[in-house]
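Asks: First the structure, then my questions, so here it is.
Here, each number is a calculation from the coordinates, and none is a lab measurement. Please read all numbers here as calculations on a predicted model, not as lab measurements. Note that each Cβ is placed from the backbone with ideal geometry, even for glycine, and that neighbours are counted across all protein chains shown.
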Amino acid sequence: MKRAFFPLLLLLCLLAPSHAEAMRKWEYVNPQEIEIRITPEKAEITAGEVATFTISIRNRTDKAVNIPFATGQRWDLAVWHYETQIYRWSQGKYWSETPHSIPVRPGVNETYKLAWRSIDRNSCALPQGDYRIVGMVMTQPRFLCSNTTRVRLLPPKLVPGKLVKVRLAQAFELDLPTFFDREAINWKIEFDYNDNRVMLIGQRQTSNTVTYVFNAERPGHVMMRLYAFPLFKDVTCSLERRSYRVEVVSGD
């Protein structure tokens, strides 16, 4: 019985087409023939700002490689915070069902720029820290991924005259000069309607600036008013005044 089985199995293997023969050229791109890389424009940005990335395809061979696409979409980008994907560039976008291909010649990179604004669904700046980003080339029948790059989000900055949204329990910073018209100054901070919504938790200083670090403690809006006054003088002798509106929102 066994002697009859093995010749039959060998015959079936010889008659069956191989996997490589069954695949069509337009259906497959050999990952060994191309290199896909993603590069951030900046390694660090302030939370809430836009991060820009360049995705590139490099041909590793000495002949043109055709990259097939099932639709008008060629690129994508995903952002990860710890083990959670928090952003996908293609989400909510639509492309025509237009199969096509692009040739990538040896020595010529095919590149594209994609952007990600580092805010959440409440338009709040995302928490500071490291984020992992992966680029994708949406080849047919499966997409290919790039290397993994990282971008560090720094605490959001307060800007005069602009509403700043921060997430509950998130830190944010305020940069102020230490000189006004070449005269050394101090800053006095006052709050309207604070009710422990915003708390000053620290500061650091250089020769020209002082950075105040705050933490968002409770939901609600806060008006911050700052007065710059010369050293060893009363705050009523303020040389400059600034106002900031901060809105603290929950993470739900």
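Asks: Give the Debye-formula value of log10 I(q)/I(0) at each listed q (0.13 Å⁻¹), with one equal scatterer per alpha carbon of the chain, two decimals each.
Replies: Evaluating at q = 0.13 Å⁻¹ gives log10 I(q)/I(0) of -0.90.
Asks: Further question: Pairs on different chains or at least eight residues apart, Cα atoms closer than 15 Å: how many lysine pairs in the chain fit?
Replies: Lysine pairs meeting both conditions in the chain amount to 4.
Asks: For a test of the definition: using alpha carbon positions, the gyration tensor, and the 1.5 limit on a/c, classify the stretch 163-249 as rounded, prolate or oblate.
Replies: In terms of gyration-tensor shape, prolate.
Asks: Taking the chain as a Gaussian network, where each spring joins two C-alpha atoms under 10 Å apart, which residue of D192, D76, D175 fluctuates the most?
Replies: Result: D192 has the largest fluctuation of those listed.
Asks: In addition: Which whole-angstrom value gives the distance between the alpha carbon centres of the stretch 56-91 and the stretch 107-166?
Replies: Going from one Cα centre to the other spans 14 Å.
Asks: If you count, for each residue, the other Cβ atoms within 10 Å and average over each peptide, how do 112-123, 239-250 line up from highest to lowest?
Replies: In descending order of packing, they fall as 239-250, 112-123.
Asks: Relative contact order for the chain: what is it in percent, counting Cα pairs under 8 Å that are at least 6 residues apart?
Replies: 17
Asks: Per residue Cα convex hull volume for the stretch 23-154, in cubic angstrom?
Replies: 109
Asks: Can you classify the stretch 115-175 as rounded, prolate or oblate using the Cα gyration tensor, where a ≥ b ≥ c are the square roots of its eigenvalues, rounded means a/c under 1.5, and otherwise it's prolate if a/b beats b/c and oblate if not?
Replies: prolate
Asks: So, by mean Cβ neighbours within 10 angstrom, what's the order for 150-157, 79-86 with the highest one leading?
Replies: Top to bottom by mean Cβ count within 10 Å: 150-157, 79-86.
Asks: On to the next question. FRET efficiency for F191 and A64, Cβ-Cβ distance as r, R0 = 51 Å, nearest 0.05?
Replies: FRET efficiency, F191 to A64: 0.20.
Asks: Another question, if that's okay. Which value at 222 nm does the chain reach when only helices count, each DSSP H run of 4 or more adding -39,500 (n - 2.57), with the total divided by all residues and rounded to the nearest 500 deg cm²/dmol?
Replies: -2000 deg cm²/dmol
Asks: How much of the DSSP bridge set in the chain is antiparallel, in percent, rounded to the nearest 5?
Replies: Counting only bridges with both partners in the chain, antiparallel ones make up about 90 percent.
Asks: Defining a contact as two alpha carbons under 8 Å apart and six or more residues distant in sequence, what relative contact order in percent does the stretch 163-249 show?
Replies: Once divided by the residue count of the stretch 163-249, the mean separation gives 37 percent.
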